[in-house]
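Reviewing the structure listed below.
The values are calculated or read from the model by the stated rules, or taken from the named source; none is laboratory data. This is a predicted model, so every value here is computed, not measured. So basically every Cβ, Gly included, is an ideal-geometry build from the backbone, and we count neighbours across all protein chains shown. These accessible areas exclude ligands, DNA and RNA; they are computed on the full protein's heavy atoms, side chains included. Shrake-Rupley method; radii C 1.70, N 1.55, O 1.52, S 1.80 Å.
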Amino acid sequence: MCLLGGCSVASVFSVAKTFFQKPSPSQILERELAERQVAGLLRQRRLIDGPQQPLLHVDGADVLSFCSNDYLGLASHPALVAAMQQAAAEVGVGSGASHLITGHHRLHHELEAALAVFVGLPRALLFSTGYMANLGVVTALMGRGDAVFADRLNHASLNDAVVLARAELHRYPHNDLAALEQQLAGGPARRKLVITDAVFSMDGDIAPVPQLLALCERYDAWLMLDDAHGFGVLGACGKGVLEHFGLHSPRIIYMATLGKAAGVFGAFVAGEPQLVEYLIQRARTYIYTTAMPPALAAALLAALPIMEQEQWRREHLDKLIAVLRQGLTSRRWRLATSQTPIQPLMIGGNEEALRVSDFLRERGILVPAIRPPTVPPNTSRLRISLSAAHSVADVERLIGALHAAEGEVAA
């Protein structure tokens, strides 16, 4: 037998083949995960036990949470819980089919009618999630030969929707009306659609909706508003960005989610009757999925009058926002301009944002570090979310901890 360094030729070739062998799919994924870990971008889930509230039981410990989108503190409201329990006992826990087969329950229908009245639009249509609503609307209305104009800081669901629609995408700088007008004025398109977050989920600022609507009127375009973070919060009665600005137009396509300020789950799209009927016929994320459990619709029917009538919740939120903005006097980090419950503290680097978040966690306060690709590079931040369930003392505790972090966390 021919030997080479104590090994057979066959063994040498076997080692060489292993060395130069193309990595397996799992090895490729493992390598990319390791790269995310090194870059400070690896995300981890936290294990929650108990109800969603400011004092949250997370990973086995009680913490003061500023992470939730439960802006009005309704997620554990006794009236919503009772309505859901009663409906589950009467109609069961599953809808059993899609809306267009046998899944469209009386409770769904009543909720759609109530939502349309609540936001002041002719008709509304339920979707299972906001993500599915955005995908459904854009892909139903737009296609090749059409043009979509999107704010650069829009939610990922809106961006994904345009890709799936195969329409021509024009992204304009954040809230840059001049740039948007230039894009709208140039180039032919069968249909034009401007899409924007109403309240931007990572920045907390409000889109200039009246000016956007004026441009859509001028250039014959639809305006689609994703009001996931404004519904229930903006406006005197919590009816969202349209009430906030006092707007009405048949060009508006309004989407809002029901798992944030409304405290439950789901989403809806509201607008002209023809729009809603068209979506029933063409929106794939509505047609080809099981309807939400009717008991959830019952809980949401209980939520709407609370949202409208208990104005003290929004007033308390406004007070908490003012306490935070007046009390947090950091020279190292800055709060982004926001009048909503989303109050981003701009940090900059990924690792520093994680260290500040960890510093707070060690002191029993949970605030998430938001990093790319959720936000642009070098804009990592702590996303502070306030709820009507928080107290002034809760916010003051957070302010004190952040002031301490400024002096102790290395840059």
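Its relative contact order, with pairs defined as Cα atoms under 8 Å and 6+ residues apart, puts segment 206-323 at 21 percent. Against the chain, whose longest principal axis comes from its Cα atoms, helix 106-119 is set at around 80 degrees. In the chain, the DSSP-assigned H stretches of four residues or longer account for a calculated mean residue ellipticity at 222 nm of -13000 deg cm²/dmol, using -39500 (n - 2.57) per stretch and the full residue count as denominator. Taking only the Cα atoms of segment 281-411, the radius of gyration and Dmax are 18.7, 58 Å.
Counting only protein chain heavy atoms and rolling a 1.4 Å probe, the accessible areas of Y131, Y219 rank, largest first, as Y131, Y219. Entry note: segment 255-314 has Rg to Rh equal to 1.04, where both radii use alpha-carbon atoms and Rh is the Kirkwood radius. For segment 165-221, trypsin sites (Lys or Arg not before Pro) are listed when DSSP marks them as loop and at most 13 other Cβ atoms sit within 10 Å of their Cβ; the list is R166, R190. As a length-normalised measure over Cα pairs under 8 Å and 6 or more apart, the relative contact order of the chain settles at 21 percent. Model label sites at Y278 and E315, defined 7 Å from Cα along the beta-carbon direction, differ in position by 4.3 nm. Apply the a/c threshold of 1.5 to the C-alpha gyration tensor of segment 134-225 and tell me whether it is rounded, prolate or oblate. Oblate, because a/c is 1.5 or more while a/b does not exceed b/c. Of M292, M84, the residue with the largest accessible area leads and the full order is M84, M292 (1.4 Å probe). Counting only protein heavy atoms and a probe of 1.4 Å, the accessible surface of segment 63-168 is 59% carbon and sulfur. List the trypsin sites (Lys or Arg not before Pro) within segment 43-126 that DSSP assigns to loop and that have no more than 11 neighbouring Cβ atoms inside 10 Å. Those satisfying the criteria are R43, R45. Reachable aspartates and glutamates from K239, Cα under 14 Å, same-chain residues fewer than 8 places away excluded? Partners within reach: D226, D227, E308, E310.
Kindly identify segment 367-406 as rounded, prolate or oblate by the Cα gyration tensor criterion: order the square roots of the eigenvalues as a ≥ b ≥ c, call it rounded if a/c is under 1.5, otherwise compare a/b with b/c, prolate if a/b is larger, else oblate. Judged from the Cα gyration tensor, segment 367-406 comes out oblate (a/c at least 1.5, b/c at or above a/b).
Taking every protein chain into account, the accessible area of the chain amounts to 47 square angstrom per residue (probe 1.4 Å).
Taking every protein chain into account, the 1.4 Å probe leaves H77 with about 30 Å² of accessible area, to the nearest ten.
The largest accessible area among E243, E408 belongs to the first residue in E408, E243, and the rest follow in falling order (1.4 Å probe, all chains). Take the Kirkwood radius over Cα pairs of the chain, plug it into Stokes-Einstein at 10 °C and 1.306 mPa s, and you get 68 µm²/s for translational diffusion.
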